[in-house]
1. On the basis of being aromatic (F, W, Y) and touching a residue at least 12 places away in the same chain (Cβ under 8 Å), does A:W494 make the cut?
2. With the condition kept exactly as written, say whether any residue in the range A:200-207 is more than 19 Å from A:Y112 (Cα to Cα), within 16 Å of RNA strand B (Cβ to nearest atom) and more than 29 Å from the chain's Cα centre (by Cα).
3. Looking at this structure, is A:K392 loosely packed, with under 15 Cβ neighbours inside 10 Å, assigned to a helix (DSSP H, G or I) and of a type outside the set (S, T, Y)?
4. Run down A:S35, A:S124 and say which single residue is open to solvent by 10 Å² or more (accessible area, probe 1.4 Å) and within 16 Å of RNA strand B (Cβ to nearest atom).
5. Checking the condition near RNA strand B (Cβ under 8 Å from one of its atoms), under 30 Å from A:L3 (Cα atoms) and modelled with pLDDT of 90 or more, which residue from A:H296, A:H302 passes?
6. Taking the range A:395-419 on its own, how many of its residues are open to solvent by 10 Å² or more (accessible area, probe 1.4 Å), out of contact with any helix residue (DSSP H, G or I) (no Cβ under 7 Å at 6 or more places or on another chain), in contact (Cβ under 8 Å) with a residue 12 or more places away in the chain and assigned to a helix (DSSP H, G or I)?
7. What do you reckon, is A:P237 within 7 Å of RNA strand B (Cβ to nearest atom) and more than 21 Å from the chain's Cα centre (by Cα)?
8. Kindly evaluate A:L366 against the criterion of being part of a helix (DSSP H, G or I) and either at pLDDT below 85 or among the acidic types (D, E) (or both).
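The values are calculated or read from the model by the stated rules, or taken from the named source; none is laboratory data. This is a predicted model, so every value here is computed, not measured. Neighbour counts run over all protein chains shown; Cβ positions are idealised from the backbone, glycine included. All accessible areas refer to the heavy atoms of the entire protein, side chains included, with ligands and DNA or RNA removed. Shrake-Rupley method; radii C 1.70, N 1.55, O 1.52, S 1.80 Å.
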Amino acid sequence: MALRVYDTRRREKVDFVTIEAGKVRMYVCGITPYSPSHLGHARCYIAFDIVHRWLEAKGYDVTYVQNFTDVEDKIINIANEEGIDYLEVAERNIVDYYDVMDALNVLRADHYPRVTETIEGIISMIETLIEKEHAYNGEDGVYFHVESAPEKYGLLTGQNIEAVRAGAGGRVGGTGLGKRDHKDFALWKFAKPGEPQWDSPWGAGRPGWHIECSAMSLQYFGEQFDIHGGGDDLRFPHHEAEIFQSECCTGKSPLVNHWMHNGFVNIDGEKMSKSLGNFWTITDALKTHKPLVLRHALLNAHYRNPIDFSEQFLEDGKRSQNKLEDSYCDLLRVWGEKNKDHLVSLPRPQLGGEGLAHTIGMLEKLGEECALSMDDDFNTREALAKISSAIKIMNKAVNSDIDENDRQSLGYYCVEWLEEFAGSALGLLPSREDALAGSQEDPRRAELEPIVSELLMKRAAAREAKDWEAADAIRSELAALGITVQDTADGPEWEIN
RNA sequence: GCGUCGGUAGCAAAGCCUGGUUACGCGAUGGACUGCAAAUCCAUUUCACGGGGGUUCAAAUCCCUCCCGGCGCUCCA
């Protein structure tokens, strides 16, 4: 099956081709750790986590690099306000980033280089650019001269260099006093008093915003690599700046085969921003919803399209995710109830029976379709639709009147099916242990356990006595505590809303 | 202004590149099951594609045009 990926530069889906057979070099722009991670970050890094997972599922050897821009204006300002070192600000937000991404089941990249650890590579890159006359030393910093390579302008945004010049109007000269041209951008900013700084051939200072990514990709991948990703807003100027820097430095073009950009998260139709007061951190969202619910909700739209985030959006994700987890749990029980001691080592059962063959056939077809959806530019929405269809078939088959051995082996098949597509590929399944334990991972559960157990025992007694009124009253009481009770063949179960 | 992405049933969102077949989900309604619920299953809620032209045996899908909206052109995932 051929993987097709949308490439921002060519503006169409193209066959995925790597520089070296079987190997993928993927670079995704990481965060500037000046504040806790927000929903936009969740969307971006989940999107590229899907790329990461699917490429590995297809057998590629993926090297995934993601940077931290740990020295930058906003970080310095916050550090000054709080009277602490800028690295402290960066560090605490990097810790937050790892925490929330782990919770969201985002697999770690292979390398997380930081600007502050890449100064040497940055300086040597700037030296080369100056030698080749693509950069110059201005009053307040070293700048890249965009007009030195005009053919590279607008490669990702389709903007025309002449038009931009014409439309720039009053903004020309607004920032960067030492610029020769308003389109030029800083490679190295000379230090102002009290700012973090490193020595350089041009004077003490720190790197401009774009150069770190060029230096890091060069360091880890060399002159050219396969995938470069990031949020849609990075197309310009950040990624176009990278093209200027890297290609002018090495003389190799194109820098990247596949440029990938994920769509934005809007809040109730408006762009999420601190000034509008509609800013959601990931931690905010996780206060009321489980991490996998947020992940599911985000994967329910194609990664390139914008998402309109709302309470309803999360509620939809919650329903879908609960359904997935409930079904997974049920199937684990169908298969494993009698095999708890060797749940993992049990060999895959033989599938027998005419009825099963039909079911297995349908599931295999859906599995293939699911893979095709992922191959078509990582269409997680369509893949989830296939998974939903599969779950329906699974539930029906497992609940039908069939031989017990068949039921058990079918359960096993279904568990494996879900683990392959919903689990490995989409990262939406909890561990088998967590799934079987229900929502046990919720910290509030342990707290509520004693009181709920007591009420459930009273209710069981009332039901035993067929005192339905009393039993329902207890259920209402629990509902008022935000707890839903479900009666199953194995007795009542409860979960926190 | 320039660039770019969109406008799909009550809501939400795939499909458009590679014209011709059901999206999927939520919500709603009825049914099976249940003491009643929940969960699950079945059925109904279907002939939806911004407007107008055109191409074609056939268009949500290709072409033209118009309208509306998002985002970018300054820091931003």
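1. So A:W494 fits the description; yes.
2. Yes.
3. For A:K392, the condition - loosely packed, with under 15 Cβ neighbours inside 10 Å, assigned to a helix (DSSP H, G or I) and of a type outside the set (S, T, Y) - is met.
4. Exactly one residue qualifies, and that residue is A:S35.
5. Testing whether each residue is near RNA strand B (Cβ under 8 Å from one of its atoms), under 30 Å from A:L3 (Cα atoms) and modelled with pLDDT of 90 or more leaves just A:H302.
6. Looking only at that region, the number is 2.
7. Criteria met by A:P237.
8. Against the criterion (part of a helix (DSSP H, G or I) and either at pLDDT below 85 or among the acidic types (D, E) (or both)), A:L366 does not qualify.
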